[in-house]
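Before any comments, here is the structure.
Laboratory data are not the source of any read-out in this text; all were calculated from the coordinates shown. Note that the coordinates shown come from a computational prediction; the quantities given were computed from them, not determined experimentally. Every residue, glycine as well, gets a Cβ built from its backbone with ideal geometry; the counts of neighbours run over all protein chains shown.
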Amino acid sequence: MLITIQDERPDTEDAIRLTTELDIHLQTYPYPPESCHAYSVEKLIREGVAFFVTRCDGKPAGCGGIKLFHEASDSYGEIKRMFVRPEYRGLGLGKAMLNRLAEHALEHQVSVLRLETGIYQLEAIGLYEGWGFERCAPFGDYKVDPMSVYLEKRIS
């Protein structure tokens, strides 16, 4: 199986399909609207999120993005829109995407990764914690939310 991860605009056909599948999946959980922080395709582009698509033997299998923040007191990369299609789970694609996102962050002099995910995303939380993320306080514009889990990892 040939696995590739390519930098891709979030408005390509494959990227839109993947983020739409992620949105449909997230709608199966009882998150109230105020606890939903997913970026639309338009916002991914507007906010300058670096976006990547994973393919297995040429077929789109997953995606992920990273928004870089260079603030005077705090520089970090926020992981956005991570998703692996169910039929491709268990193949290490999530870890491969995290490696690619970390590589992108380091290329841009950012050594801390952060993310927000929902409390019902148990597989995602397991992936992130297994990759070395630790729970942290809300960051950026996030507020304390009982529906959210905030995670952070230093990568340098």
The answer for the chain, counting only DSSP H helices whose Cα atoms cover 15 angstrom or more along the axis and whose Kyte-Doolittle average is -1.0 or greater, is 13-26, 93-107
Kirkwood Rh for the range 106-156 from C-alpha pairs, in Å, is 11.5 Å
As straight-line cross-link partners of Lys95, the qualifying lysines (C-alpha separation under 23 Å, not fewer than 8 residues apart within one chain) are Lys59, Lys67, Lys80, Lys153
Per principal axis, largest first, the Cα atoms of the range 1-80 extend in Å by 43, 33, 21
Residues other than Gln121 with Cβ under 14 Å of its Cβ, Lys/Arg counted +1 and Asp/Glu -1, net out at -1
Toy charge model, Lys and Arg Cβ at +1, Asp and Glu Cβ at -1: the chain dipole around Cα centroid in debye, rounded to 20, equals 260 debye
Amide H neighbours of Arg85 at under 5 Å, excluding residues fewer than 5 places away on the same chain, with H built from the backbone geometry, are Gly62
When the charge dipole of the range 3-154 is computed with +1 on Lys and Arg Cβ and -1 on Asp and Glu Cβ about the Cα centre, the Cα farthest towards its positive end, among Trp131, Leu113, Ala102, belongs to Trp131
Contour minus Cα-Cα span, Ile16 to Ser111, at 0.36 nm per residue, comes to 31.3 nm
Burial-style ranking of 120-129, 97-106, average other-beta-carbon count within 10 Å with highest first, yields 97-106, 120-129
Cα extents of the chain per principal axis, largest first, Å, are 42, 37, 31
